[in-house]
Amino acid sequence: MVERAARVGDVARRVLLSGIGLGVLACALLTETAARAESLPEALVKAYQTNPQLNAERARQRATDENVPQALAGYRPQIIAGLSVGLQAVRDQLPGNVIQTATLKPWQIGVTVTQTLFNGFKTANSVRVAELQVQSGREALRNVGQGVLLDAVTAYTNVLANQTLVEAQRANVAFLKETRAITERRLNAGDVTPTDTAQAEARLNRGLADLNAAEVNYAISQATYAQVVGNAPSQLRPAETIDRLLPRSREDAIALSLREHPAVTAAGFDVDVASTSIRVAASSLMPNVSVQGSVSRSRDTDTTLGSFGTDQASVIGQVTQPIYDGGTAASQTRQAKEVAAQSRLVLDQVRNQAKTAVVSAWVANEGAKIAVSASESEMKAAEVALAGVQKEAAGGQRTTVDVLNAQQDLITARARLIGAQRDRVIASYTLLSATGRLDVKTLNLKTPDYLPEVHYHQVRDAWHGLRTPSGQ
């Protein structure tokens, strides 16, 4: 009995040593492939360059830039050219009951130039609104960029964690299969009861189910990684935290978020947009002054009646003052005031949300540190406990179930440590995102930063042209 129990302990030790050997082999392979392994900063660069969500937001911002030249068009003259050609049948009844008919071929060509001189400052305020929308859009783009980078960090660490968990579960299944085989041999020898065999079989099936769940989660994390980063993960290097970039205190993090977070600054620009839109709406109640110049030539030609033509040139100044439009402009002005009040409340709400996000991220980051430390201690204690149970099993003082329970405790502790290490990395990046500084410049990523102002200056003063600066 003691001899067979000792064999169980020997099996456990062999499996444990084989797991350690696999770990050493994995480390060696990792060292060999380090040159071609992908790091977290490299994955962030790919996501920043190729992520469809981020590129779509950049296209949206380029479309928003076009609001400015559209508003500036109010300062520029409007030129319209017209050409008309017709066919006209004429039938005249002359004195003496004489009927005369003719077919006329009239045509007219002309050019009209209209220049607005004053429209209640509507153009100036519209330009201001468009510029503020551009600034708000840039902050929204920056916020989306933060979200994409954080998604990439999450996807990267999930792949690493799930891959490690799959390896741990495979080692666990190998251990359980070997234990079941030993238990069956002991059953045949009459050293154990069928209950022990059933317990070993049940624990193996649980291990297989855990392995299947880990493989499913690993496959899902790989698909998510490909969606966010743009390519399937290969060999990934361990991810590191970014504590060096984080504020030193929670109060500093809150102040930084309220000052620099893109959601807060975008909401601030939205308040300015809404306030300026009030003046745009009120301009409909003010006088309009414009000047219009036109040149035209018209001809009516007929071989019987001769020809008749007119050449005309004119310059006309016009002043209009709205008196009553049924209340439309007044309603639009009141509406704009309510929208401005709403935007101020939204700004307060966004500030509160930013503050809450910082506090939550700070607490989560601090908690993740404690979780990692506790999980490491749990892991060491579980290893010591397993080794002790194995020695006691070798001396006949422990059963197979005791060894299985100790092994399960070790696997659980290892899974908890893997999750804690993953959460630790994500929590540090989440805190940096909550402060508004999760960007290419702060992370010092090796990629050119996308500068939306480049496109803005390319189109701002464009008077004509249908092609975009990219040639589309």
Per the filter on segment 384-400, residues over 18 Å from Ala200 (Cβ atoms), under 54 Å from the mean Cα position of the chain (by Cα) and of a type outside the set (Lys, Arg) are Val384, Ala385, Ala387, Gly388
Is it true that some residue in segment 332-339 is more than 30 Å from Thr114 (Cβ to Cβ), in a helix (DSSP H, G or I) and open to solvent by less than 30 Å² (accessible area, probe 1.4 Å)?
no
Can you tell me which residue among Leu246, Leu187, Leu258 is open to solvent by 30 Å² or more (accessible area, probe 1.4 Å) and over 21 Å from the mean Cα position of the chain (by Cα)?
Leu187
Pairs under 8 Å by beta carbon, first residue over 17 Å from Lys446 (Cβ atoms) in segment 37-64, partner basic (Lys, Arg) and crowded, with 16+ Cβ neighbours inside 10 Å, six or more apart or different chains?
Gln61/Arg138
Exclusive hit being without any contact (Cβ under 8 Å) to a residue 24 or more places away in the chain, open to solvent by less than 60 Å² (accessible area, probe 1.4 Å) and over 30 Å from Ala181 (Cα atoms), set Thr265, Thr310
Thr310
The listed residue being over 26 Å from the mean Cα position of the chain (by Cα), at pLDDT below 95, in a helix (DSSP H, G or I) and of a type in the set (Ser, Thr, Tyr), out of Ser375, Ser314:
Ser375
Does any residue in segment 232-253 that is farther than 13 Å from Ser433 by Cα and in contact (Cβ under 8 Å) with a residue 60 or more places away in the chain come within less than 8 Å, Cβ to Cβ, of a residue that is open to solvent by less than 90 Å² (accessible area, probe 1.4 Å) and in a loop (DSSP other than H, G, I, E, B) six or more places away or on a different chain, and which pairs are these?
Ser234/Ala37; Gln235/Thr33; Gln235/Ala37; Leu236/Ala37; Leu236/Ser39; Arg237/Ala34; Arg237/Ala37; Arg237/Ser39
Select from segment 384-432 the residues that are in a helix (DSSP H, G or I), more than 30 Å from Thr154 (Cβ to Cβ) and hydroxyl-bearing (Ser, Thr, Tyr) and list them in ascending order.
Thr400
Filter segment 77-114 for residues that are part of a loop (DSSP other than H, G, I, E, B) and free of Cβ contacts under 8 Å to residues at least 24 places away in the same chain; which is most open to solvent (accessible area, probe 1.4 Å)?
Leu87
Here are the criteria: (1) open to solvent by less than 70 Å² (accessible area, probe 1.4 Å); (2) out of contact with any Lys or Arg (no Cβ under 6 Å at 6 or more places or on another chain); (3) touching a residue at least 60 places away in the same chain (Cβ under 8 Å). Tell me which single one Trp362 does not satisfy.
(2)
Could you say which residue among Gln458, Gln472 is modelled with pLDDT under 95, surrounded by fewer than 13 Cβ atoms within 10 Å (Cβ to Cβ) and farther than 30 Å from Pro238 by Cα?
Gln472
Determine, yes or no, whether Ala413 is touching a helix residue (DSSP H, G or I) at 6+ places or on another chain (Cβ under 7 Å) and either open to solvent by 40 Å² or more (accessible area, probe 1.4 Å) or within 23 Å of Leu150 (Cβ to Cβ) (or both).
no
Test for Ile323: is it surrounded by fewer than 16 Cβ atoms within 10 Å (Cβ to Cβ) and under 30 Å from Gly147 (Cβ atoms)
no
State whether the residues of segment 184-202 include one that is acidic (Asp, Glu), closer than 30 Å to Glu38 by Cβ and touching a residue at least 24 places away in the same chain (Cβ under 8 Å).
no
In segment 89-108, anything modelled with pLDDT of 80 or more and closer than 15 Å to Phe308 by Cα is listed as Lys105, Pro106, Trp107, Gln108
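The values are calculated or read from the model by the stated rules, or taken from the named source; none is laboratory data. Values in this document were obtained by computation on a predicted structure and should not be read as measured data. Because the Cβ atoms are built from the backbone with ideal geometry, glycine has one as well, and the counts that use them run over all protein chains shown. Surface accessibility is based on the protein's heavy atoms, side chains included, excluding ligands, DNA and RNA. Shrake-Rupley method; radii C 1.70, N 1.55, O 1.52, S 1.80 Å.
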